[in-house]
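The values are calculated or read from the model by the stated rules, or taken from the named source; none is laboratory data. No experiment lies behind these values; they were computed from the predicted model shown. Cβ placement follows ideal geometry from the backbone for every residue including glycine, while neighbour counts extend to all protein chains displayed. Heavy atoms of the whole protein, side chains included, go into the accessibility calculation; ligands, DNA and RNA do not. Shrake-Rupley method; radii C 1.70, N 1.55, O 1.52, S 1.80 Å.
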Amino acid sequence: MTSVFSEGTMFSRMFKPVGKTLPGHPAFYSGAAAGKRVVFGISGMGKTNAAHAATILLGKFSPSGIVNFGIGGAYPSSGLKVGDIAVAEKEVYADEGVVLKDGLHSFEITGIPLLKVRGRKYFNEFPADKRLSRLALKASGTGVPCKSGVFLTVSACTGTGKRAVELVEKFGPLCENMEGAAVAHICRIYGIPFVEIRGISNIVGDRDMKKWDVELAAENCQKAVLQFLEALGS
C-alpha cells in the first residue's frame, strides 16, 4: 500500500488494475513480483483513507501481510539523509490524545485504549512485525543506508524546526508520515503482519521543498520493497 500514485509507479507499471476504481475509493493492482502474487493498493492521503483501503484490501484479497510504503520526512536526530531508507519498529499516533497544561498526552491518560486484543491494550502505539521488519531492514540495506526505529503518524506534516524538536524530545523517532499508524492499527485488529518501509524525501524542520527529493525517495523505497519481497522467499 501507498498513499499516492507517485509512490508506487514501479508496481502500477508491473501490475494490472483490479476492477473499476470508484470516486473516493482506493485503486488496486495485481500481479507477480519476486515470484509472489502481490496486490498493490493506493489509498489516498491521511489516516482515514489508509484505514479504509487497508480494510478493503484485507476483505477482498485476504493477504498474508501488508507492506505499507512511500516517502517520509526524517528527523534531524535520526542520522538519515534524503534518499535513505527507514523501516518501522512501531508506529505511533503522534498528535492524538489529551492536551493538558504541560502538553499532549497519549490516550493512556484516559485509561481507554484504541484497541484491546487478547488482553493487551493499545493506546497510541502499534508494533510492526518483528521478524519481517528485521528481514526488510537486512534486505533494504543492501542498496542504500537503512535504519529501523520509531515512526510517527501525524495529521499535519511538521513544517517548523521548533515542532520537529518537540516531537524528537517526546518520541525519539526516525521519521514521520500521515498513514502508517492507521494501517498498523487495522492490521492489529485483524491479526495480519504489518511492515512499513519509507524512503526519505526530506529532513523535517522549517519547510523548504527546494531541499526535498520526492522522486529519489519514492524510487529507492520501491526498490527496497522489491528487495524485501525477494528476501521473503530466500
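Applying the selection to region 28-49, what residues are open to solvent by 50 Å² or more (accessible area, probe 1.4 Å) and under 18 Å from the mean Cα position of the chain (by Cα)? Selection gives MET45, THR48, ASN49.
In region 178-234, the qualifying residues are those that are more than 24 Å from ASP129 (Cα to Cα) and among the hydrophobic types (A, V, I, L, M, F, W, C), and the one that is most open to solvent (accessible area, probe 1.4 Å) is MET209. Among the candidates LYS36, LYS47, the residue that is at pLDDT below 95 and of a type in the set (Lys, Arg) is uniquely LYS36.
When you scan region 217-224, do you find a residue that is in a strand (DSSP E or B) and either under 17 Å from the mean Cα position of the chain (by Cα) or modelled with pLDDT of 95 or more (or both), even just one? Taking every residue of region 217-224 in turn, none turns out to be in a strand (DSSP E or B) and either under 17 Å from the mean Cα position of the chain (by Cα) or modelled with pLDDT of 95 or more (or both). Residues that are part of a loop (DSSP other than H, G, I, E, B) and among the small types (Gly, Ala, Ser) within region 55-107 comprise SER62, SER64, GLY65, GLY79, GLY83, ALA94, GLY97, SER106, listed in sequence order. Which is open to solvent by 40 Å² or more (accessible area, probe 1.4 Å), more than 28 Å from VAL144 (Cβ to Cβ) and in a loop (DSSP other than H, G, I, E, B), of HIS52, HIS25? Exactly one residue qualifies, and that residue is HIS25. Within region 83-139, restricting attention to residues that are open to solvent by 50 Å² or more (accessible area, probe 1.4 Å) and of a type in the set (A, V, I, L, M, F, W, C), which residue is farthest from ALA164 (Cα to Cα)? Among them, the one singled out is ILE112. Condition check for SER12 on (1) out of contact with any strand residue (DSSP E or B) (no Cβ under 6 Å at 6 or more places or on another chain); (2) modelled with pLDDT under 95; (3) under 27 Å from ASP213 (Cα atoms): one failure, at (1). Among the residues of this structure, ALA50 counts as one that is closer than 19 Å to ILE197 by Cα and in contact with a helix residue (DSSP H, G or I) (Cβ under 6 Å, 6 or more places away or on another chain). Would you be able to say whether some residue in region 139-159 is among the β-branched types (Val, Ile, Thr), within 15 Å of the chain's Cα centre (by Cα) and more than 25 Å from THR9 (Cβ to Cβ)? Yes, the conditions are met somewhere in region 139-159.
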